[in-house]
Structures are given as structure tokens and as C-alpha cells.
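Here the structure is laid out as C-alpha cells; the discussion comes afterwards.
None of the figures in this text is laboratory data; all of them are computed from the coordinates on show. The structure displayed is predicted, hence computed values, not measured ones. Cβ sites come from the backbone with ideal geometry, for glycine too, and all protein chains shown count toward neighbours.
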Amino acid sequence: MNFRSRRSAYCGHWEKYRKGGSSWAAALSLRKRKSKGALAKAMPILYRSETEELDDDARQSAGGSFVRLTDGITHYELSNLEQKNTVVLVHGFSVPYFIFDPTFEFLTKSGFRVLRYDLFGRGFSDRPSLEYNLDLFVRQLTDLLDALRITPPIDLVGLSMGGPVTAAFTTRFPGRVRSLTLIDPAGARAIEITPLIKVLKLPIVGDAILGLVGGETFVKSNARDFFDPRLVEHFSAQYRVQMQYKGFLRAILSSIRNGMLDSFIHVYRALGKMDKKVLLFWGRNDETVPFEHSVDLCAALPNAKLHVIEQCGHIPHYEKPDEVNPILLEFLQ
């Protein structure tokens, strides 16, 4: 028995105002909410780690390409332009597209046209003053494919928060997707949040606290993504690049406050009722989206094929590409 068969299994084998004297209370509540909103607008928060403007000069050293979409400029990289079979890589909550370095290189050398990009608020993509919710990220992916004229059915790969983004895109535009690969996807259950994240959800208070502590708290939390600590230093250095540009932390806060760490099990259940090929990877030692979440996801996606990667954390494609890449290639072919 080789390592693939030991680590694989089909998920299907797993099992208005109220009446009476309350109008004054409602009016008072509305007045308080308006006051809080006005106060928030009057108190712009300065994040000490964000010292640079994300402009054309900053983007000159970024590599890749840029395109203006409905909600702002998106940073992307597209390889093998002459090829027809397109694989689109969608990253997670806060780490931009460099997280797909091993996958992008491997699939490009394997003859696929490969697209990766930075979600809004991350990397070198714009940080628009919008609500960072599922609709925004699905619209960004839709607009990007349209702008690049990528029309044939695509193979989607979603990592972590990219899981609900790609799953939602597939349910909304089923004709545009041939297959979906999910890597330690978020959204089967709500992510268990720390006391700090709970505080950050609070308007004004959360902004002020994050203004004091800066973005290093996210650098430290990302270290939990790894089973092998030797990879953390290089990863953290790459991650910090985006933190210097204004708007990063505001985007992260908005994502938290607009439910991007919540459950999207309804999206996965809708996907499970569709006739789509689904491949699922999960690191056995994932502390960010724990392995036990896979039970819920397998119930929602009974036809998905699950590969458990041993001695591995939240990003198996990055930590163990020699194990993940052959399985992914076989699936895509």
C-alpha cells in the first residue's frame, strides 16, 4: 500500500418597532447607533506599522501584473498564456498569493495556465473602503476572470478562507467551474476566535487596540499554520511586506466583522448537491482550522475525496509540496 492510498478516503464513507410604548426606545437606540457611526468616522485610526501608500511606485517592485476591476486594482500573476486549461489559486484570510509559490511553479511546469492573485486588502491589491465580505471576494474573482477573458471551465483551488470564496463562486456560476480543490478550508464550522479577536470585533475599541499592538499579532498567529517551525522565519519576512501599506489592518478588521471567520456550511451543502469534482486536503495537525472540522465538511460534500497529510499544519501544499503536488496533478488531469 503506497502513501496515497493510506492517506485517502472518500468523504461519503464518513460518516420594525414593536407595538405599544416602545417607539421611544427604538428611536433612542437608532440615535445611539448614528452617534457611534459619526464618532467612528471622526476618529481615523492610525496603525503604526502602516507607513507607506500603496501606489504605482510601490507596485513597481511587486512582480506580476495589475488590472483595474470594479472595486479596485488587483495584483495577479498568470502563466502559460497559450494554454487553455486554467487553474485558479485563491488564498486565505491574510496571506497573499506568495503562499502558492510551490503550487504555482509546479502546475506551470506541468503545462497548465495558472492564475493566482491577491484578494482585496492583501498583498499588492487595493484596500477599498468597502465591507470585506463573501460577496466582495466572489465579485473580485468574477471580475478578474472576465477582465482576463478566461472563459472555458476552470479548475479552482481554495485555501482556508479561499474555501468558502471558491465554493460560493462555484454555486453561483456552476458553468464556469470544472473542478474544485479545497486545502484546509475554513467555514465548515465557525473559526474559534481568541479573546483578542473578540475585542477587535468591537467598533472603535477594536480599532484603537489594533492601532496600539500593530500587525505583529497576525505575524505571530500565522506561525501556528506550520508543523515545521523551520519554515516560519522566511514565511514571516514575506508576510510583513504587505503590512507597511496603509489599509491592510482595516481590511483584516472588516473581514472579521463581516463574518469571514463564520460558518459557511450552507454554501458547502449547496455545493455538495452539484455534480462537481471535489478534492480535499487537510493537515492532520492543523491548529487554525482543526482537522475535526473535516467531519462536517465531508458530510456536506459526500463525493469529495479526502487526503490527510500527516505531520503537517494548516498549509500542506506549502509544507509538503512533494506529497500534495502529485495527488493534485492526477486529479486535474
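Quick rundown of the values:
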{"item": "Helical contribution to [θ] at 222 nm, DSSP H n ≥ 4, -39,500 (n - 2.57), averaged over the chain, rounded to 500", "result": "-12000 deg cm²/dmol"}
{"item": "For region 204-267: rounded, prolate or oblate by the Cα gyration tensor [a/c cutoff 1.5]", "result": "oblate"}
{"item": "Percent of beta bridges antiparallel (DSSP, the chain, rounded to nearest 5)", "result": "30 percent"}
{"item": "Cα point-scatterer Debye curve for region 105-252, base-10 log of I(q)/I(0) at q = 0.10, 0.11, 0.12 Å⁻¹", "result": "-0.43, -0.52, -0.62"}
{"item": "Distance histogram for region 112-180 (every C-alpha pair counted, 10 angstrom bins, percent rounded to whole numbers)", "result": "18, 58, 23, 1"}
{"item": "Residues of region 172-188 with amide N under 17 Å of a point placed 7 Å along Cα→Cβ from VAL295", "result": "187-188"}
{"item": "Projected area, mean over directions - region 282-329, Cα convex hull, nm²", "result": "3.3 nm²"}
{"item": "Too-long pairs where the Cα-Cα distance tops 20 Å, listed order kept, from LYS84/LYS305; LYS277/LYS305; LYS273/LYS305; LYS109/LYS320", "result": "LYS84/LYS305"}
{"item": "Pair LYS246, GLU131: separation of 7 Å Cα→Cβ label points (nm)", "result": "2.6 nm"}
{"item": "For region 208-333, convex hull of alpha carbons as volume per residue, Å³", "result": "139 Å³"}
{"item": "Partners for LYS276 among aspartates and glutamates (Cα-Cα distance below 13 Å; same-chain residues under 8 apart left out)", "result": "ASP155"}
{"item": "Residue-span extension gain [PHE173 to GLN333] - 0.36 nm each, minus C-alpha spacing", "result": "55.4 nm"}
{"item": "Pair-distance profile P(r), taking every C-alpha pair of the chain, with 10 angstrom steps and integer %", "result": "5, 25, 33, 23, 9, 3, 1, 0"}
{"item": "Taking LEU119, LEU182, LEU69 and counting other C-beta atoms within 10 Å, the order from fewest to most", "result": "LEU69, LEU119, LEU182"}
{"item": "Mean separation of Cα contacts under 8 Å (6+ apart) over length of region 141-200, as relative contact order %", "result": "35 percent"}
{"item": "The chain, dipole about Cα centre (Lys/Arg Cβ +1, Asp/Glu Cβ -1), debye to the nearest 20", "result": "1640 debye"}
{"item": "Magnitude of the charge dipole, region 176-333, Cβ model with Lys/Arg +1 and Asp/Glu -1, debye to 20", "result": "700 debye"}
{"item": "Convex hull projection area averaged over all views, region 60-103, Cα basis, nm²", "result": "4.4 nm²"}
{"item": "Compactness relative to 2.2 N^0.38 Å, alpha carbon Rg of region 237-302", "result": "1.48"}
